Protein chains: 2
Amino acid sequence: MRIGEIAALVGLTTRAIRHYHHVGLLPEPERRPNGYRVYNVRDAVLLARVRRLTELGLSLDEVRDVLADDAGRELAEVLEELDADLARQEAAIRERRSRLGALLAEPPGAAGPVSPALAALLAQAPRTDSPSAAKDREYLTLMDAAGAGGQGIFGVFGTLIADPAVVELYERLDALAEAPTDDPRIAPLAADLMAVVPEELFAAIPADGVVVTGFREALLAEYTPAQAEVVGRLMDAFMERGRG
Amino acid sequence: MRIGEIAALVGLTTRAIRHYHHVGLLPEPERRPNGYRVYNVRDAVLLARVRRLTELGLSLDEVRDVLADDAGRELAEVLEELDADLARQEAAIRERRSRLGALLAEPPGAAGPVSPALAALLAQAPRTDSPSAAKDREYLTLMDAAGAGGQGIFGVFGTLIADPAVVELYERLDALAEAPTDDPRIAPLAADLMAVVPEELFAAIPADGVVVTGFREALLAEYTPAQAEVVGRLMDAFMERGRG
DNA sequence: ACTTGACCTTGACGCAACGGCAAGGTTCTT
DNA sequence: AAGAACCTTGCCGTTGCGTCAAGGTCAAGT
């Protein structure tokens, strides 16, 4: 048989068969004088075995192992490992699908894919169009993605944010947008903010890791100078108490 | 932030982020005088979104589409398509696992992964150590892999093979191993073989496709000359009746 | 001042299992 | 004599980065 015939016979492409030769999975068969490969029935049986094994999901390396020692001992070993691997993949797919389903059920225009803890928090947040509040929500989704929500800090944040007094603080921060860095409102606002933050939150935020020097600068760069003063003091307080 | 900081923040590798720049998923950020990339918090939010989307299983191209028109319209579209794709993958994995399970439950030393129809046939076959019978069983697994079992021909074959008279025919074929091509036993054996084959089998085997010129030669090459005579006559009969 | 060590830069190869194309040779059929 | 349908080798493309290689930069410790 020529390569096209055996390929049609066992249901593979000629390209695949040549590939198997190339990577050494199968030895090159003899050639006719014109260079054509010649296959016999044993080759076909072999290729059929290869096809069945690859269709089961074995890699070519695994197929090679199985073909090498056909004691049947190795086969069961590889197959069990493969089954475990498939089980893991199946579980992963199911989890992704469940998260996908949650996303699709969500109303459009939502914040995108976020953890349930953060979703609850955002739902709790009072409706305000303060730019500072919007920024904060954005940073919360960032911390969510960074995996910061692990210690349940979103729950603490939720009770904090649900407080209507916080809205007023956001507005005081907004008011500092055009202010100079020596504006007298800076110090009292920083103090009021720190007073509102519950002690657990100071403890829950890691002083290293996320709140790292570069991040601090980047975050302050998002605010006007006077606002940055306030936010910077708050962050300093976090980092000091986090260490203590 | 430098690239290492933002990478740690959003839970990606620096290599991944540079890759995103390289393929144009994200624009290159500004540089410090020393060439270092500088990231801000908005970049972090963006990268966090990218991470969540890729973790859901979107390809980078799909992520780019979603990021491009953040109308939220495209997103649902892509997500539904993705979900359908995942559903297909899940089904495929489940089918593979079920076949794997069948294989693992099988006693060791079996013929390997075969269709249930062929498995039933092989179980039915009488115990004989005739080399010709062994060859036939091998070719049957080959036809199985080639998808020839579709028309239920294995069932017909089963009733044929279960006949103890067939064993005697195999032995007569074995006996021709060393015989010359003009051995007088050739003609009667071929006739007896054809007589045993039920008419349905002639009709069920396609004259084109599997039984193609190259295959015929290859198959005959497996036998000694006298045996090939017998098998060749049988095949000729198949091909003629298949056409008629 | 000098040396680590931990960053950063670009560039290029590697992977898994082939698909697809190029550029040419062979064989059988019109 | 020209197709059509085979075959040959060889090389690029796919996906999403990991992993060197070969260097430049910068803050800290000796």
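Using a 7 Å offset from Cα along the direction of the beta-carbon, what are the separations from residue A:138 to the same position in each other copy, nm, ascending?
7.1
In peptide A:59-68, what is the residue-averaged number of other protein chain Cβ atoms found within 10 Å of each Cβ? List each step's numbers first, then the result.
Details: counts 0, 0, 0, 0, 0, 0, 0, 1, 0, 0.
Going residue by residue through A:59-68 and averaging, the value is 0.
In nm, one decimal, shortest first: how far is the label point of residue A:13 (7 Å from Cα along Cα to beta carbon) from the matching points in the other copies?
Between copies, matching label points for residue A:13 lie 2.9 nm apart.
With every protein chain in place, what's the accessible area of residue B:213 (1.4 Å probe, Å², nearest 10)?
100 Å²
Just to confirm a number: summing +1 for Lys and Arg and -1 for Asp and Glu over residues other than residue A:93 whose beta-carbon lies under 14 angstrom from that of residue A:93, what do you get?
Every neighbour counted, the sum reads +1.
Nearest-to-axis residue of chain A, judged by Cβ, for the A-to-B rotation, with distance in whole Å?
A:90, 3
In a shell of Cβ-Cβ distance under 14 Å around residue A:135, excluding residue A:135 itself, what net charge do Lys and Arg (+1) and Asp and Glu (-1) give?
For residues surrounding residue A:135, the net value is -4.
Could I have the simple spin-label model distance between residue A:80 and residue A:217, label points 7 Å from Cα toward Cβ, reported in nm to one decimal?
Label-label distance for residue A:80 and residue A:217, simple model: 5.6 nm.
With no solvent and one equal point scatterer placed on each C-alpha of segment B:116-243, evaluate the Debye formula and give log10 I(q)/I(0) for q = 0.20 Å⁻¹, two decimals.
Rounded to two decimals, the profile gives -1.35.
Just from the alpha-carbon atoms, what are the Rg and Dmax of chain B in angstroms?
Here Rg and the maximum Cα pair distance are 31.7, 96 Å.
Counting only GluC sites (Glu not before Pro) that are in a DSSP loop and have at most 12 other C-beta atoms within 10 Å, tell me the longest site-free stretch of chain B.
Here the longest segment lacking exposed loop sites spans B:31-177.
What number in nm² do you get for the protein assembly as shown if you take the convex hull of its Cα atoms and divide its surface by four?
For the protein assembly as shown, the mean projected area of the Cα convex hull comes to 34.0 nm².
Taking the Cα centre as origin and putting +1 on Lys and Arg beta-carbons and -1 on Asp and Glu beta-carbons, what dipole magnitude results for the protein assembly as shown, to the nearest 20 debye? Provide the component values of the computation, followed by the final result.
Numbers: 52 positive and 78 negative charges, 135 e Å.
That gives the protein assembly as shown a dipole magnitude of about 640 debye.
Please compute the net charge surrounding residue A:35, taking Lys and Arg as +1 and Asp and Glu as -1 over other residues with Cβ under 12 Å from its Cβ.
That works out to +2.
Could you derive backbone 3J(HN,Hα) for segment B:172-186 from the dihedral phi with the Karplus parameters 6.51, -1.76 and 1.60 (θ = phi - 60°), listing whole Hz in sequence and x where the residue is Gly or Pro?
These are the phi-based 3J(HN,Hα) values: 5, 5, 4, 5, 7, 3, 9, 6, x, 6, 9, 4, x, 7, 5 Hz.
Carbon and sulfur atoms: what percent of the 1.4 Å accessible area of chain A do they account for? Before the final figure, lay out the partial values.
On the way: 6850 of 12620 Å².
Carbon-and-sulfur percentage of accessible area, whole number: 54.
What total accessible surface area, summed over both chains, is buried at the interface between chains B and A, computed with a 1.4 Å probe and given in Å² to the nearest 100? If you can, show how the numbers build up before the last one.
Details: alone 15020 and 15050 Å², together 25210 Å².
The summed interface area works out to 4900 Å².
So what J values fall out for segment B:13-26 if you push phi through Karplus, 6.51 cos²θ - 1.76 cosθ + 1.60 with θ = phi - 60°, rounded to Hz, Gly and Pro as x?
8, 4, 4, 4, 4, 4, 4, 4, 4, 4, 8, x, 5, 10
Residues of segment A:116-243: accessible area per residue at 1.4 Å, in Å²?
49 Å²
Placing a label point 7 Å from Cα toward Cβ, how far apart in nm is residue B:124 from its equivalents in the other copies, listed shortest first to one decimal?
6.9
On a 0 to 90° scale, report how tilted helix B:41-55 is relative to the longest principal axis of chain B, with both axes built from alpha carbons and the result rounded to the nearest 10.
Around 10 degrees separate the two axes.
The values are calculated or read from the model by the stated rules, or taken from the named source; none is laboratory data. As the structure is a prediction and not an experimental result, all values here were calculated from the model. Using ideal geometry, Cβ is built from the backbone for each residue, glycine included, and neighbour counts are taken over all protein chains shown. Note: areas computed on protein heavy atoms with side chains; ligands, DNA, RNA excluded. Shrake-Rupley method; radii C 1.70, N 1.55, O 1.52, S 1.80 Å.
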